[in-house]
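Input: a single structure, listed below in structure tokens.
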Amino acid sequence: MTRASPDFHPALRVLHWLMAALVLAMLFIGVFMVSTSGPAYVALLDLHRPIGIAILVLVLLRLPLRLATGAPALPADLAPLQKRIAWGSHVLLYAALFALPLVGWGMLSAGGYPVRLGGGFVLPPILPHDLALYALLRAAHTAIALALFALILLHLAAGLMHGLVRRDGVLRSMTTGHRQAHTPPIADDDNPGETATLPA
């Protein structure tokens, strides 16, 4: 759905940047987990699990909000192929953001590992204990994480291109938003004490 406003819904913008911060944190945590062992690994894992579930919850909130509020139209001078690529990359981003934590949850369930979120709260397993399935989901989790990283780089490059090169307002629609144009009042010649405004 195309949104009449040139900006994304304010709540959608908040969710976008909150998720961006969490995903960025997860990427760093994931990199350090691969190269760390011992107590540091356990500490990183204790961060990795709840942040992953938080991303899953946020994407489940964000997707219906995005469908309900729509998105601003892309610039009219953008090539049709670029518009299709933009649409497709957003679909893939949503899919990866949903699949990655869900596959991680399933992987831990299949491996017999509890998904602890802190404060003694543990999520129930969503798959039966199965080491072969665990190995399959572990490989899938890694593949989706790499795909998500590539999509984020593409998304970042597109955002910078719109913001720094084209300067067409696309980046602003998800950051500060467009300022509403206020037309200064003009004097009414028939009534010197009155003012009139230009038509919108």
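Run the accessible area of the chain with a 1.4 Å probe and give the carbon-and-sulfur part as a rounded percent. Each step should come with its number before you reach the end.
Numbers: 9030 of 12720 Å².
Result for the chain: 71 percent of the exposed heavy-atom area is carbon or sulfur.
In terms of modelled amide H atoms, which long-range or inter-chain residues lie less than 5 Å from the amide H of ARG3?
Amide H neighbours of ARG3, under 5 Å, 5+ apart: ALA71, ALA73.
Between ARG179 and VAL122, what is the FRET efficiency for a Förster distance of 45 Å, r being their Cβ-Cβ separation, to the nearest 0.05? If you can, show how the numbers build up before the last one.
Values: r = 48 Å, r/R0 = 1.06.
Between ARG179 and VAL122 the formula returns 0.40.
Among ALA95, ALA73, ALA132, which one shows the highest mean-square fluctuation when the chain is modelled as a Gaussian network with alpha-carbon springs under 10 Å?
ALA132
Ratio of the chain's C-alpha Rg to 2.2 N^0.38 Å, to two decimals?
Working: Rg = 22.9 Å, N = 200, 2.2 N^0.38 = 16.5 Å.
Against the empirical 2.2 N^0.38 Å value, I get 1.39 for the chain.
How many angstrom lie between the C-alpha centres of region 1-50 and region 55-119?
If you average the Cα positions of each part, the centres end up 12 Å apart.
Long-range amide H contacts for VAL115: which residues qualify at under 5 Å (H placed 1.01 Å from N, peptide plane, sequence gap of 5 or more or a different chain)?
LEU123
Rounded to the nearest whole Å², what accessible area per residue is found for region 35-139 with the 1.4 Å probe? List each step's numbers first, then the result.
Details: 6050 Å² over 105 residues.
Roughly 58 Å² per residue, with all protein chains present.
Using the Karplus curve 6.51 cos²θ - 1.76 cosθ + 1.60 with θ = phi - 60°, what ³J(HN,Hα) values do you get for each residue of region 71-76, in whole Hz, with x for Gly and Pro?
Karplus values, whole Hz, x for Gly and Pro: 10, x, 5, 6, x, 5.
With springs connecting C-alpha atoms under 10 Å apart, model the chain as a Gaussian network and identify which of PRO101, PRO72, PRO80 has the largest mean-square fluctuation.
PRO80
Quote the convex hull volume per residue of region 73-136, based on C-alpha atoms, as a whole number of Å³.
Given the Cα convex hull of region 73-136, per-residue volume reads 113 Å³.
State the Kirkwood hydrodynamic radius of region 82-188 in Å, one decimal place, computed from all pairs of distinct Cα atoms.
One decimal place: 17.3 Å for the Kirkwood radius.
Which order do ASP77, ASP7, ASP46, ASP168 take when ranked by solvent-accessible area (1.4 Å probe, heavy atoms of all protein chains), largest first?
Numbers: ASP77 110, ASP7 15, ASP46 90, ASP168 45 Å².
Correct descending sequence by accessible area is ASP77, ASP46, ASP168, ASP7.
Give me the percent of DSSP beta bridges within the chain that run antiparallel, rounded to the nearest 5. Each step should come with its number before you reach the end.
Working: 6 of 8 bridges.
If I count the DSSP bridges inside the chain, around 75 percent turn out antiparallel.
Please arrange ARG138, ARG179, ARG62 by accessible surface area, largest first, computed with a 1.4 Å probe and ligands excluded. Don't skip to the end; give the middle numbers.
On the way: ARG138 120, ARG179 225, ARG62 25 Å².
Highest to lowest solvent-accessible surface, that is ARG179, ARG138, ARG62.
Hey, what did region 86-184 get for relative contact order, percent, Cα under 8 Å, at least 6 apart? Intermediate values should be presented prior to the final figure.
Details: 84 pairs, mean separation 23.4, N = 99.
Once normalised by length, the contact order is 24 percent.
Using 1/(1 + (r/R0)^6) with R0 = 41 angstrom and r between the beta carbons of ARG166 and LEU47, what's the FRET efficiency to the nearest 0.05? Walk me through the numbers before you get to the answer.
Details: r = 37 Å, r/R0 = 0.91.
In this case the efficiency is close to 0.65.
Mean separation of Cα pairs under 8 Å and 6+ residues apart, divided by the residue count of the chain: what relative contact order is that in percent?
On the way: 192 pairs, mean separation 43.5, N = 200.
Relative contact order, the chain: 22 percent.
Take the eigenvalues of the Cα gyration tensor for region 1-110, scale each by 5, and report the square roots as semi-axes in whole Å, largest first. Could the numbers behind the result be given before it?
Working: eigenvalues 213, 42, 32 Å².
Those come to 33, 14, 13 Å.
The values are calculated or read from the model by the stated rules, or taken from the named source; none is laboratory data. Values in this document were obtained by computation on a predicted structure and should not be read as measured data. Please note: Cβ atoms are built from the backbone with ideal geometry, for glycine as well, and neighbour counts cover all protein chains shown. For the accessible areas, the whole protein counts, side chains as well, though only heavy atoms, and no ligand, DNA or RNA atoms are used. Shrake-Rupley method; radii C 1.70, N 1.55, O 1.52, S 1.80 Å.
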